[in-house]
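To start, the structure itself, in structure tokens.
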Amino acid sequence: MSKDLNITRLCDAYGALLTDHRRELIRNYYDDDLSLAEIAENLGITRQAALCSIKQAEKQLLDYEDKLKMVENSDRLQSHLEQALSDIDNDVEQAKLRLRHVLIELR
């Protein structure tokens, strides 16, 4: 199973919505880089149970993002802010426009 590191970002945003068990599995697998065998041994479950629970947690996190778009919106706002910061040196008026756009999106 290849690791989608975007899941870590999703867990940061939505992890509180997962059960403690699922959050622990995701953190063990992605943040601590434990293998399925290590996770299974540590939690006293089978490797298959660990895999199934991780897959369910990943699906749940992806579903939250699909509906709420918190990470996508954060990325977009960060991009606008970085561009506005870059514009300050070259075009203050353009930077102001970008910042106004960010404020409108935040409302």
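Rule-based calculations on the coordinates, nothing more; no lab input. Bear in mind that the values here come from a model prediction, so they are computed numbers and not experimental data. Glycine gets a Cβ as well: all are built from the backbone with ideal geometry, and neighbour counts include every protein chain shown.
Less than 14 Å Cβ to Cβ from Asp33, Lys/Arg counted +1 and Asp/Glu -1: what total charge do the surrounding residues give? Here the count lands on -2. Pairs of alpha carbons in segment 38-83 separated by more than 13 Å make up 66% of all such pairs. Only lysine pairs 8 or more places apart, or on different chains, with alpha-carbon atoms under 27 angstrom apart are counted in the chain, and they number 9. By definition, a body whose alpha carbon gyration tensor gives a ≥ b ≥ c is prolate when a/c is 1.5 or more and a/b is larger than b/c, and segment 52-107 fits this prolate description. A Förster radius of 30 Å, combined with the Cβ-Cβ distance separating Lys69 from Lys96, puts the computed FRET efficiency at roughly 0.70. Legend: helices of the chain (whole DSSP H runs) are marked when their alpha-carbon atoms reach 20 angstrom or more along the helix axis and their mean Kyte-Doolittle hydropathy is at least -1.0; marked are 47-68, 70-90, 92-106.
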